[in-house]
Amino acid sequence: MRMKQVVVIGNNRASDEEKELAYEVGKIVGGSGVLLITGGKYGVMKHVSRGAKECGGMVLSILPEDSFDKCNEYSDIVIPTGMGYARNVINVLSGDLIIAIGGGSGTLSEIAYAWQFGKTIFAFMHGGWSARMGEKRILDDKHNHGIIPIESLSDFERQYFNWLKHYVIK
């Protein structure tokens with residue numbers, strides 16, 4: 001059976017608060033035995049990867065560029081796509097769970113793709129598009145489940161381990 005796969009999305013130019021939150025999320029995800037997937041760049045992606053690596057996790061980075069050397073230093077496996085933002089589709093299709101922390105327009109596109117593909121989405125309510133979409137919860141009538149707003153790290157931990165316990169790999 002394959003590993004569960006969690007994608008964390010967020011801004012390349014994250015705030016200090018978002019970086020710290022990403023690092024703590026990375027520690028939880030990395031320590032839980034799942035594969036962490038990110039866009040492989042900086043900001044949220046780098047700090048969640050650092051947290052995961054410090055807890056023994058494995059990190060897969062899906063890059064927008066066509067070169068292996070454009071990733072952050074916490075990447076174990078690197079997939080250079082050469083696709084720019086179009087790689088966002090690959091990012092979200094690779095995850096059983098999508099976790100959004102802050103984010104700009106790239107994160108917004110990933111949230112929209114995740115919604116289109118029926119992925120479970122956790123949205124941290126700490127600014128950026130994750131908070132805006134977490135407030136909306138439902139983007140359209142395509143699904144009967146909504147985006148799950150995450151208010152705090154302890155709320156994330158509770159929701160994440162509940163998801164981990166009940167999610168069956170498809």
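Every read-out reported here was derived from the displayed coordinates using simple, explicitly stated rules and does not represent laboratory data. Just so it is clear, the structure is predicted and the values come from calculations on it, not from any experiment. Cβ atoms come from the backbone with ideal geometry, glycine included; neighbour counts cover every protein chain shown.
Descriptive notes on the structure:
- Charge tally around GLU54: other residues with Cβ under 15 Å, Lys/Arg +1 each, Asp/Glu -1 each, net +1.
- Mean ellipticity per residue at 222 nm, deg cm²/dmol - from DSSP H runs of n ≥ 4 across the chain, formula -39500 (n - 2.57): -12000 deg cm²/dmol
- Taking the C-alpha atoms of the range 1-74, convex hull volume expressed per residue in Å³: 79 Å³
- Net lengthening on full extension, HIS145/GLU65 (0.36 nm per residue, minus Cα-Cα): 25.4 nm
- Value in Å of the Kirkwood radius, where the range 88-170 supplies the Cα pairs that are averaged: 12.7 Å
- Dividing the convex hull volume of the alpha-carbon atoms in the range 15-170 by its residue count gives 102 Å³ per residue.
- Check: the chain dipole with +1 on Lys, Arg Cβ and -1 on Asp, Glu Cβ, in debye: 400 debye
- With θ taken as phi - 60° and the Karplus curve 6.51 cos²θ - 1.76 cosθ + 1.60 applied, the whole-hertz 3J(HN,Hα) list for the range 101-113 is 10, x, x, x, 5, x, 5, 4, 5, 5, 4, 5, 4 Hz, x standing for glycine and proline.
- Short-range pairs are left out: with C-alpha atoms under 8 Å and at least six residues apart, the relative contact order of the chain is 19 percent.
- Other residues lying with their Cβ under 13 Å from the Cβ of PRO64 contribute a combined charge of 0, Lys and Arg counting +1, Asp and Glu -1.
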